[in-house]
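Asks: Have a look at this one.
The values are calculated or read from the model by the stated rules, or taken from the named source; none is laboratory data. Owing to the predicted nature of the structure, the values given are computational and were not obtained by experimental measurement. No Cβ is skipped: glycine too gets one built from the backbone with ideal geometry, and neighbour counts run over all protein chains shown. SASA here: full protein model, heavy atoms, side chains in, ligands and nucleic acids out. Shrake-Rupley method; radii C 1.70, N 1.55, O 1.52, S 1.80 Å.
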Amino acid sequence: MEFVSPEGLRLDGRRPMEMRQIRAEIGAVTKADGSAVFEMGNTKVIAAVYGPREVQNRSQQINDQALVRCEYSMANFSTGDRMRKPKGDRRSTEISLVIRQTMEACILTHLMPRSQIDIFVQVLQADGGTRSACINAATLALADAGIPMRDLVTSCSSGYLNSTPLLDLNYVEDSAGGPDVTVGFLPKLDKVTLLQMDSKLPIDIFENVMQLAIEGCKAIANYIREIMLENTKQLEYRRGI
Amino acid sequence: MVGLSLGEKHFIQGGIAQDIRSDGRKRLTYRPINVETGVIPQANGSARIRMGATDVISTVKAELGKPISLQPDKGKVSIYVDCSPTAAPMFEGRGGEELSTELSVALQRSLLGGKSGAGAGIDLSSLVVVEGKICWDLYIDCLVVCSDGNLLDALGAAIKAALSNTGIPRVQVAAGASGDEQPEVDISDEEFLQFDTSDIPVIVTLTKVGRHYIVDATTEEESQMSSAISISVNRKGHICGLTKRGGAGLDPSIVLDMISVAKHVSEQLMNKLDSEIAAAEAGEDES
């Protein structure tokens, strides 16, 4: 199947190095301590953060740092065909773990000993790249909750189809069987915190593909910063400063 | 669940007794309702309803199926509710399952009628394509994104809004299939049939706190309730379903009184909801 036309356009009309339209909104869940909606094209996720608060299960308490927990869930209507999933299947458990580890790496957990931070991500629409969208949403929600972080971790995926590196795969491109590289990146510190790839790829090409994903992460980080600045200005305005 | 001090409890109860609640509302006033339609593009219809901090999404997906043999002239509708952990940390893992089931069953009771399918708020016979062979199965999936009390009313309103947003593809049935054969069908990509939602009831929950009852209770107010009655009323003023929750018993005369109050409130709610849905649909067409 042809994923990149001779004119250099992808199935949804993007150029190979073009990202889908991204949109973010802070404060979607009123009752949570911090929350955000993040959209990448047709992928849409909500993240809510509760905490830092008292540890609910005493046996999990850590004496010198905060306990970070994460749960990823998909709505029944999020996929094209309606699914009736059992809660906590292997895929969502794995994604929960990935998000937790990525977020834990950037939260300054040692500042909040004996407390707990819960991150809940809910997928409303899935069109490829839910992992990345969830991490971006979680970052915004953590920032909204005012949780101290090293940096704003962002995530983006890239792939390699028809001998072309492609940025930010959608569902059709993702299920084409080519490699799918998901990168989590700390833009200020210039460090990669998450790296996953399936399928195989020559090393020299992998370098390009990963670099492309990192560029995507940087672009998202800029956007997230803009959104946060805008949100803070709004808060400032409401307080009448 | 809700940590309230004795003083706060007295404040809520006293406010309700004096007909001015913590947020300034009267006992029978709803919070402002915000309706958004078409929020989930891959569903046949969807809506998001916000009442104060309560935030729910409802979607409708239509699939072709076979009617059950006892009711060859009726389609099938199933309602599922899912409580997202984003709404409250206690819904994490399997924590939300109990509430989800309670809400799903209450909604089915209020909107779908009895086992025979008679008296349903949703007109099931309009879902039949070929009698006894093909019908539409409607899957209504609801998601609770944020919860601040009165979930059942919000979910009922969201389903009503989602159904009025629903377009069911027109189906062409190939002639010539006879007997037991399953006829071939052709689903149109362009022509959609709108659903008649004028008969779908609204749900009004009256929560009894002390000697009085209130509509649209917040989580704090719900924690003070002795019992609650959810009544679904359609436009004609007929009662389509009823659920009583809460531990305390109710005097039968109070139940009848609550029903008549709910009927009165439902008219206002129905009109308000209709105008909000129409405004949301108009806004969607423009954008």
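Asks: Could you list, in sequence order, all residues of segment A:98-119 that are among the hydrophobic types (A, V, I, L, M, F, W, C), more than 14 Å from chain B (Cβ to nearest Cβ), in a helix (DSSP H, G or I) and crowded, with 17+ Cβ neighbours inside 10 Å?
Replies: Restricting attention to segment A:98-119, the residues satisfying the condition of being among the hydrophobic types (A, V, I, L, M, F, W, C) are A:98-99, A:103, A:105-108, A:111-112, A:117, A:119.
Applying the additional criterion that residues be more than 14 Å from chain B (Cβ to nearest Cβ) yields A:98, A:103, A:105-108, A:111-112.
In the following step, the residues that additionally are in a helix (DSSP H, G or I) were identified as A:98, A:103, A:105-106, A:111.
Those that are among the hydrophobic types (A, V, I, L, M, F, W, C), more than 14 Å from chain B (Cβ to nearest Cβ), in a helix (DSSP H, G or I) and crowded, with 17+ Cβ neighbours inside 10 Å: A:VAL98, A:MET103, A:ALA105, A:CYS106.
Asks: Kindly indicate whether A:ARG23 is under 14 Å from the mean Cα position of the chain (by Cα) and free of Cβ contacts under 8 Å to residues at least 24 places away in the same chain. Outline the logic, then answer.
Replies: Details: under 14 Å from the mean Cα position of the chain (by Cα): yes; free of Cβ contacts under 8 Å to residues at least 24 places away in the same chain: yes.
Against the criterion (under 14 Å from the mean Cα position of the chain (by Cα) and free of Cβ contacts under 8 Å to residues at least 24 places away in the same chain), A:ARG23 qualifies.
Asks: Could you check segment A:19-36 and list, in sequence order, the residues that are facing another protein chain (nearest Cβ under 10 Å) and either crowded, with 24+ Cβ neighbours inside 10 Å or assigned to a strand (DSSP E or B) (or both)?
Replies: Passing the criteria: A:VAL29, A:ALA32, A:SER35.
Asks: Check whether at least one residue in segment A:61-68 is under 17 Å from A:THR43 (Cβ atoms) and polar (S, T, N, Q), and report yes or no. Don't jump to the end; show me each part of the working.
Replies: Of all residues in segment A:61-68, those under 17 Å from A:THR43 (Cβ atoms) come to none.
No, because not a single residue in segment A:61-68 is under 17 Å from A:THR43 (Cβ atoms) and polar (S, T, N, Q).
Asks: Answer yes or no: is there a residue in segment B:266-284 that is among the β-branched types (Val, Ile, Thr) and under 17 Å from B:ILE231 (Cα atoms). Reasoning before the result, please.
Replies: At the first step, the residues of segment B:266-284 found to be among the β-branched types (Val, Ile, Thr) are B:277.
If we keep only those that are under 17 Å from B:ILE231 (Cα atoms) too, we end up with none.
No, segment B:266-284 contains no residue that is among the β-branched types (Val, Ile, Thr) and under 17 Å from B:ILE231 (Cα atoms).
Asks: Shifting gears a bit: Any chance you could count how many residues in segment B:269-280 are touching a residue at least 40 places away in the same chain (Cβ under 8 Å) and open to solvent by 50 Å² or more (accessible area, probe 1.4 Å)?
Replies: So the first thing to find is which residues in segment B:269-280 are touching a residue at least 40 places away in the same chain (Cβ under 8 Å), and the list is B:269-270, B:272-273, B:276-277, B:279-280.
If we keep only those that are open to solvent by 50 Å² or more (accessible area, probe 1.4 Å) as well, we get B:272, B:276, B:279.
Of the residues in segment B:269-280, 3 are touching a residue at least 40 places away in the same chain (Cβ under 8 Å) and open to solvent by 50 Å² or more (accessible area, probe 1.4 Å).
Asks: Moving on to the next point. Does B:GLU191 satisfy the condition of being open to solvent by 40 Å² or more (accessible area, probe 1.4 Å), at pLDDT 80 or above and in contact with a Gly (Cβ under 6 Å, 6 or more places away or on another chain)? I'd like the intermediate steps shown before the answer.
Replies: Working: open to solvent by 40 Å² or more (accessible area, probe 1.4 Å): yes; at pLDDT 80 or above: yes; in contact with a Gly (Cβ under 6 Å, 6 or more places away or on another chain): no.
Answer is no for this residue.
Asks: Hey, another quick one. Could you give me the residue pairs with C-beta distances under 7 Å whose first residue belongs to segment B:3-18 and is surrounded by 11 or more Cβ atoms within 10 Å (Cβ to Cβ), whose second residue is acidic (Asp, Glu) wherever it lies, and which are 6+ apart or on separate chains?
Replies: Sorted first by the residue in segment B:3-18, then by its partner, the pairs are B:LEU4/B:GLU220; B:ILE12/B:GLU220; B:ILE12/B:GLU221.
Asks: Also: Provide a single number: the residues in segment A:196-241 that are free of Cβ contacts under 8 Å to residues at least 60 places away in the same chain and closer than 17 Å to A:ALA141 by Cβ.
Replies: Looking only at that region, the number is 6.
Asks: To continue, here is another question. Taking segment B:76-94 only, how many residues are touching a residue at least 60 places away in the same chain (Cβ under 8 Å) and either in contact with a Ser or Thr (Cβ under 6 Å, 6 or more places away or on another chain) or within 7 Å of chain A (Cβ to nearest Cβ) (or both)? Walk me through it before giving the result.
Replies: So the first thing to find is which residues in segment B:76-94 are touching a residue at least 60 places away in the same chain (Cβ under 8 Å), and the list is B:76-84, B:86-87, B:90.
Next, from what is left, pick out any that are either in contact with a Ser or Thr (Cβ under 6 Å, 6 or more places away or on another chain) or within 7 Å of chain A (Cβ to nearest Cβ) (or both): B:79-84, B:86-87.
Number of matching residues: 8.
Asks: Evaluate the following for B:ASP73: is it in contact with a Ser or Thr (Cβ under 6 Å, 6 or more places away or on another chain), more than 15 Å from B:LYS160 (Cα to Cα) and surrounded by fewer than 14 Cβ atoms within 10 Å (Cβ to Cβ)? Give the steps one after another, and end with the answer.
Replies: Working: in contact with a Ser or Thr (Cβ under 6 Å, 6 or more places away or on another chain): yes; more than 15 Å from B:LYS160 (Cα to Cα): yes; surrounded by fewer than 14 Cβ atoms within 10 Å (Cβ to Cβ): yes.
In short, yes.
Asks: With respect to the numbered conditions (1) more than 11 Å from chain B (Cβ to nearest Cβ); (2) within 22 Å of A:LEU142 (Cα to Cα); (3) open to solvent by 60 Å² or more (accessible area, probe 1.4 Å); (4) of a type outside the set (Gly, Ala, Ser), which one is the sole condition not fulfilled by A:LEU11?
Replies: Unmet for A:LEU11, out of (1) more than 11 Å from chain B (Cβ to nearest Cβ); (2) within 22 Å of A:LEU142 (Cα to Cα); (3) open to solvent by 60 Å² or more (accessible area, probe 1.4 Å); (4) of a type outside the set (Gly, Ala, Ser): (2).
Asks: Moving to a separate point now. When both residues are 6+ apart or on different chains and their Cβ atoms are under 7 Å apart, which pairs have a first residue that lies in segment B:35-49 and is within 7 Å of chain A (Cβ to nearest Cβ), and a second that is part of a strand (DSSP E or B) and hydroxyl-bearing (Ser, Thr, Tyr)?
Replies: B:ILE40/B:SER46; B:ILE40/B:THR59; B:ALA43/B:THR59
Asks: Please indicate, with yes or no, whether at least one residue in segment B:36-44 is in contact with a helix residue (DSSP H, G or I) (Cβ under 6 Å, 6 or more places away or on another chain), more than 14 Å from B:THR218 (Cβ to Cβ) and either open to solvent by less than 50 Å² (accessible area, probe 1.4 Å) or among the basic types (Lys, Arg) (or both).
Replies: yes
Asks: State the number of residues belonging to segment B:23-34 that are in contact with a Ser or Thr (Cβ under 9 Å, 6 or more places away or on another chain) and either within 12 Å of chain A (Cβ to nearest Cβ) or open to solvent by less than 50 Å² (accessible area, probe 1.4 Å) (or both).
Replies: Within segment B:23-34, the subset in contact with a Ser or Thr (Cβ under 9 Å, 6 or more places away or on another chain) is B:23, B:31.
So of that shortlist, the ones also either within 12 Å of chain A (Cβ to nearest Cβ) or open to solvent by less than 50 Å² (accessible area, probe 1.4 Å) (or both) come out as B:31.
Matching residues across segment B:23-34 total 1.
Asks: Please count how many residues of segment B:133-158 are within 12 Å of B:SER104 (Cα to Cα) and not in a strand (DSSP E or B).
Replies: 4
Asks: When the residues of segment B:194-209 are narrowed to those that are open to solvent by 50 Å² or more (accessible area, probe 1.4 Å) and not in a strand (DSSP E or B), which ends up modelled with the lowest pLDDT? Before the answer, list the steps.
Replies: As a first pass, look at segment B:194-209 and keep what is open to solvent by 50 Å² or more (accessible area, probe 1.4 Å): B:194, B:196, B:199.
Now restrict to residues that are not in a strand (DSSP E or B): B:196, B:199.
Working: B:ASP196: 80, B:ASP199: 83.
Only one residue tops the list, namely B:ASP196.
Asks: A further question follows. Pick from B:GLY283, B:GLY249, B:GLY241: which is buried (at least 18 other Cβ atoms within 10 Å of the Cβ), at pLDDT below 90 and of a type in the set (Gly, Ala, Ser)?
Replies: Numbers: B:GLY283 fails: buried (at least 18 other Cβ atoms within 10 Å of the Cβ); B:GLY249 fails: buried (at least 18 other Cβ atoms within 10 Å of the Cβ).
Exactly one residue qualifies, and that residue is B:GLY241.
Asks: Condition first: polar (S, T, N, Q) and either in contact with a Pro (Cβ under 7 Å, 6 or more places away or on another chain) or open to solvent by 10 Å² or more (accessible area, probe 1.4 Å) (or both). Now tell me which residues in segment B:219-238 satisfy that. First the steps, then the outcome.
Replies: Let us first name the residues in segment B:219-238 that are polar (S, T, N, Q), namely B:219, B:223-224, B:226-227, B:230, B:232, B:234.
Result: B:THR219, B:SER223, B:GLN224, B:SER226, B:SER232, B:ASN234.
Asks: Moving on to the next point. Taking the condition at the interface with chain B (Cβ under 10 Å from one of its Cβ atoms) and open to solvent by 10 Å² or more (accessible area, probe 1.4 Å), does A:ARG82 pass?
Replies: yes
Asks: Taking segment A:49-70 only, how many residues are open to solvent by less than 30 Å² (accessible area, probe 1.4 Å) and within 9 Å of chain B (Cβ to nearest Cβ)? Working first, answer last.
Replies: The initial filter retains those residues of segment A:49-70 that are open to solvent by less than 30 Å² (accessible area, probe 1.4 Å), namely A:49-51, A:55, A:66-68, A:70.
Retained after the next criterion (residues that are within 9 Å of chain B (Cβ to nearest Cβ)): A:50-51.
Adding up the residues that qualify gives 2.
Asks: Could we say that A:SER175 is open to solvent by less than 10 Å² (accessible area, probe 1.4 Å), of a type in the set (S, T, N, Q) and either over 25 Å from B:VAL144 (Cβ atoms) or free of Cβ contacts under 8 Å to residues at least 40 places away in the same chain (or both) here?
Replies: Numbers: open to solvent by less than 10 Å² (accessible area, probe 1.4 Å): no; of a type in the set (S, T, N, Q): yes; either over 25 Å from B:VAL144 (Cβ atoms) or free of Cβ contacts under 8 Å to residues at least 40 places away in the same chain (or both): yes.
It is false that A:SER175 is open to solvent by less than 10 Å² (accessible area, probe 1.4 Å), of a type in the set (S, T, N, Q) and either over 25 Å from B:VAL144 (Cβ atoms) or free of Cβ contacts under 8 Å to residues at least 40 places away in the same chain (or both).
Asks: Still on this structure, please answer the following. Test B:LYS61 against the criterion of being more than 7 Å from chain A (Cβ to nearest Cβ) and basic (Lys, Arg), and give yes or no.
Replies: On the way: more than 7 Å from chain A (Cβ to nearest Cβ): no; basic (Lys, Arg): yes.
No.
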